[in-house]
Amino acid sequence: MKGFYSHYIDDDSWLIKENKWEHSLQNIHEALFSLGNGYLGVRAVLEEIPLGAMPGTYIAGVYDKMFSQVAELVNLPNPFNFTATAEGEKIALGIMDVLKHQRILNLKKGLLLRHTLYQSSKEHRFDYQCLRFVSMKNKNTGVMQIALTPLDSACEIDINTQIDTSVYNGPILTEGQKRHFRIKELGQFRNAGYLLVQTPEKKHTIVYWSGLYYEINGRKILAKDSILKIKLKKGQTIIFTKIFCIKCFPSQSKIVKHKREAFKKFYKVLHTEFDVLVEEHIKSWEKLWQKAGILVEGKADLQQNIRFNIYHMLICAPADNGFSSIGARTLTGEGYRGHIFWDAEIFLMPFYLFTMPKIAKNILLYRCSRLKRAREIAKKLKFRGIMFPWESADTGEEETPAWARDIDGSITKVYTHKMEHHITADIAYAVYNYFIATGDERFMERYGYEVLFETARFWVSRAEYNKEKNRYEINHVIGPDEFHVNVNNNAYTNMMAKWNLTVARKMFYKIREDAPSVSQRLQRKLKLKCEEVKNWKKVASLISINMNKEGVIEQFDGYFKLKKVILTETDENGMPVLPRGLKIKELAKTQLVKQADTLMLLYLLSDNFDLKTKKVNYDFYIKRTLHKSSLSPSIHSILALECRDLHRAYDLFNVSLCIDINNLYGNTKDGIHGACLGGTWQAIVFGFAGISIKEERLFIDPRMPRSWKRMIFSLFWKGKRLKLDLTNESIKLRAVSSKEEEIEIGIFDKLTSIRTNEDYVFEREMPALITEYYY
């Protein structure tokens, strides 16, 4: 792409390209090329809104459910609307002939660029170029600049750049299209347009300010309206710049005051030079990539796809003190109605924990600020403590719909909210891991210990004592493998509950000794007595899992008795194909599993299982897993690597890496798969880079593919930034800290003391054993 914005696209390894217009790919590319900053997410709908487009503008944490069975992430008016008409003909894809078209997403700079060459029915050509971004510097701000040139004749251009209020949330099952906002005010003030909308149930008030100026013949003119008519000569270029500001205010707030407050912010940006706004935005992105970037010396498309995944985690990172978290499809679409699952804590949070710990804390604060609702959920079901919802939105109430589409498109009853209770232990696990990685005692005192203690209480009340077998059982559950509903003693659920009880007890006695005043305050607040904590140990010791003589963990009671089905066929990506004649509704009668379940347990609680146990279970379950969830390939990749199934490890990693960029699951149009992004990062860092936490210490033991010559990245660990430069045979390390101190890091398989702010190089004593070449 050459032209006005070519200086922003200098390095192909940072660029994602759309080289021609294909209507069938429109909605997929809207998700792939999305812009955002953690507060605001905007799908990359084309400015002229072609037929079939799915515009999406979302503010993190803004939900409503006036017209739907459960709360939905609200699709707000689209600010990137721009239509131009020449000689009565709309300059748009699908209307005029397209001689050339390209869009480029610059991942490094967070810029979306476009160059389209049109030809009208009169064979008059128009050159259209565009640059737009959602500011990473000013989180409420978006900027769009368009350069338009009639190439063959003079003409009169009609421009309309009003904010598009015709958007809606898409239909789901029996629900039609829904507009979760109402226009309250619309008007002009000091050459700027404003729009005030409100969600009907929650009464969120969203204020838009928008301004337009254009440059022609060396003059800069501030438009008085968003609709204008301009005459252009042949070959004359006009440059339009649109600035908008979007801000959400809580219900019952003073609208006039907030409208004025938003205008001040908008007016300052409107009168800032375009080049300055771009540079401020780019500098903010540079800081993010310094923290989160991973450089792999290998194939160019590998590096590009890794950056694509990280980019999408950066544009949905919330920093709003727990007002929001990250939905299953981030802020790029309405899949799963924007709801928050265990994806946020188990799959996505590790990325933020080790690159931007404040964002990880925000994800946990989202849960911690809704403990009242979690208590109500538990109490309603006659359990104690706190029970987190399977699907959550803004309030922390259970938001799982009663019906949904199954993987074959059929409509099925949903039971996850009634039985998939492992999410409560998952969140406790995330809280504890946050503490181990950061040492944030203040967070634990305010929230973390309470979460651990109250989730432990939940599991004691959830478990049932079987007197005949002298064990506690957790019955009527669904594990991560959702093919099997209403099972007893799911191994993942049981062991996560056991872990939860054990860690809660350990932390209780820790603070009782180290911080007695904190312990006393929490005991009073929670009415928690030592006798109850002692019982946690008893219950934990009697929660068990089934294992056969070969050491294979039974996924749940009776699983081994189910029908054995052999997976013999794979698709072009190496993913197993459902055997012919086997219907979706029959899966529950077989040993086939949807995603990592027992293997998820071996991954999360890795310290509790030896390599022999991991291998025998990996060998058993990999043959039975269909990977019908985007969460599955990354976890299996990590286990495959640990079990030395190297070729499959890399194949599964590549599937995870490309799930959205190649639309492998066929539903990227509904938004980017957030958990897959996080799982892919874990496969890179916890898998190939060999980063692990063993007995609460950080270890580094690289095990990269031979085609990866080197990895360079940074991690935060207990307040220090570890700058790493790795090969399979060497580790270059510097622990950057404001303090001069000594810390312990596991280098290869040996604990080593290093001093902060000094450079170290460690060589592997014995060469890494790679018995199989893989790519």
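The values are calculated or read from the model by the stated rules, or taken from the named source; none is laboratory data. All values reported here derive from a predicted model rather than from experimental measurement. Glycine also receives a Cβ, built like all others from the backbone with ideal geometry; neighbour counts cover every protein chain displayed. Side chains are part of the model used for accessible areas, which takes the heavy atoms of the whole protein and leaves out ligands, DNA and RNA. Shrake-Rupley method; radii C 1.70, N 1.55, O 1.52, S 1.80 Å.
Given a 1.4 Å probe and every protein chain left where it sits, what share in percent of the accessible area of region 17-129 is carbon and sulfur?
Details: 1670 of 3330 Å².
Answer for region 17-129: carbon and sulfur cover 50 percent of the accessible area.
Just the number, please: Stokes-Einstein D of region 685-734 in µm²/s, Kirkwood Rh from C-alpha pairs, 20 °C, 1.002 mPa s.
Value of D from the Cα-based Kirkwood radius: 192 µm²/s.
What are the semi-axes of the equivalent ellipsoid of region 37-137, taken as the square roots of 5 times the eigenvalues of the Cα gyration tensor, listed largest first and rounded to whole Å?
Gyration-tensor ellipsoid for region 37-137: 31, 18, 9 Å.
Quick one: compute the contact order of region 102-233, relative version, from alpha carbon pairs under 8 angstrom and 6+ residues apart, as a percent.
Reported as a whole number, the value is 18 percent.
May I ask you to give the percent of accessible area on region 169-233 that is carbon plus sulfur, with a probe radius of 1.4 Å?
The nonpolar share, carbon plus sulfur, comes to 50 percent.
In whole angstrom, and with the biggest value first, how far do the Cα coordinates of region 387-482 range along each principal axis?
Extents along the principal axes, in whole Å: 48, 43, 22.
Rounded to the nearest 10 degrees, what's the angle between the helix 422-438 long axis and the longest principal axis of the chain, both from Cα atoms, 0 to 90?
It works out to around 80 degrees.
Between the alpha-carbon centers of region 49-85 and region 299-337, tell me the distance in whole angstrom.
18 Å
What accessible area per residue comes out for region 671-775, rounded to a whole number of Å², with a 1.4 Å probe? Numbers along the way, then the final one.
On the way: 4790 Å² over 105 residues.
Heavy-atom SASA per residue in region 671-775 reads 46 Å².
So for region 290-433, averaging the separation of alpha carbon pairs under 8 Å that are six or more residues apart and normalising by length, what relative contact order in percent results?
19 percent
Report, in deg cm²/dmol and to the nearest 500, the calculated mean residue ellipticity at 222 nm for the chain, where each DSSP H run with n ≥ 4 adds -39500 (n - 2.57) and the sum is divided by the residue count. Let's see the in-between values first.
Values: 18 runs with 220 residues, N = 775.
Helices in the chain give a 222 nm mean residue ellipticity of -9000 deg cm²/dmol.
If packing is taken as the mean number of other Cβ atoms within 10 Å per residue, what is the order of 54-65, 508-519, 677-688, 725-736, highest first? Don't jump to the answer; show the numbers that get you there.
On the way: 54-65: 23.8, 508-519: 14.3, 677-688: 26.2, 725-736: 17.9.
Put in order of decreasing packing, that is 677-688, 54-65, 725-736, 508-519.
Please determine, in degrees from 0 to 90 and to the nearest 10, the orientation of helix 530-541 with respect to the longest principal axis defined by the Cα atoms of the chain, where the helix direction is its Cα long axis.
For helix 530-541, the angle is close to 90 degrees.
Using only alpha-carbon positions, what ratio does the radius of gyration of the chain give when scaled by 2.2 N^0.38 Å?
So the Cα radius of gyration is 0.99 times the expected 2.2 N^0.38 Å.
If you line up the long axis of helix 274-292 against the longest principal axis of the chain, both from Cα atoms, how many degrees apart are they, to the nearest 10?
That works out to roughly 10 degrees.
Got a number for carbon plus sulfur as a percent of region 522-566's accessible area, 1.4 Å probe?
Carbon and sulfur atoms account for 56 percent of the accessible area of region 522-566.
Which whole-number percent is the relative contact order of the chain (Cα, under 8 Å, 6+ apart)?
11 percent
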